[in-house]
Amino acid sequence: MSTLGEHPSRASVRLERRIEWADTDASGHWHNTAALRLVEWAERILLDRLGLLEDSYGRMPRVHITVDFRLPLRFNELAEIVLEVAEVGRTSVTYRADISRSSEICAQLRFVAVLRDEHGRPTKWSDETRRLLMTAGPQPPALLDA
């Protein structure tokens with residue numbers, strides 16, 4: 001069962017995306033890398049909605065990722081991705097995400113990204129960025145029309 005939303009003030013976003021042919025493997029199910037691409041898509045949308053994308057793009061590599069796969073997704077199925085900020089450290093952000101189909105959780109992810117300076121060293125979040133990540137709440141969703 002999902003525990004996303006237990007901190008409603010933390011920044012989050014929901015989006016829908018169809019599983020593309022390239023997201024599947026020879027079994028016809030989604031490939032494990034598709035889950036990572038889906039949450040990266042959600043992260044980009046969240047950072048854009050918060051006005052942080054331009055300043056953070058290319059500066060936030062993932063340093064830790066865990067994924068629990070529960071159900072397969074197939075080509076052209078509609079996936080719902082919910083991404084939320086779980087924690088904000090001095091230089092890092094931890095996200096949690098659920099990828100679902102028709103309210104059934106297909107995968108749960110947790111990943112950590114670290115903000116780096118122009119020399120690749122971890123750098124501290126600004127007070128404003130930290131505030132946005134911790135208090136901006138749910139952002140407008142990115143939903144498919146069909």
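Bear in mind that the values in this text are calculations on the coordinates, not laboratory data. Values in this document were obtained by computation on a predicted structure and should not be read as measured data. No Cβ is skipped: glycine too gets one built from the backbone with ideal geometry, and neighbour counts run over all protein chains shown.
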Task: Qualifying residues in region 94-117 (those that are touching a residue at least 40 places away in the same chain (Cβ under 8 Å) and assigned to a loop (DSSP other than H, G, I, E, B)) - the one surrounded by the fewest Cβ atoms within 10 Å (Cβ to Cβ) - done: 117
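Having 1 or more residues that are surrounded by fewer than 15 Cβ atoms within 10 Å (Cβ to Cβ), in contact (Cβ under 8 Å) with a residue 60 or more places away in the chain and in contact with a His (Cβ under 6 Å, 6 or more places away or on another chain) is the bar; report the strands (runs of 3 or more DSSP E) wholly within region 1-93 that clear it.
Details: elements: 12-18, 62-69, 78-88.
In region 1-93, no matching strands (runs of 3 or more DSSP E) lie anywhere.
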- [ ] Give the residue that is farthest from residue 35 (Cα to Cα), with candidates limited to residues of region 118-146 that are part of a strand (DSSP E or B) and under 14 Å from the mean Cα position of the chain (by Cα).
- [x] 138
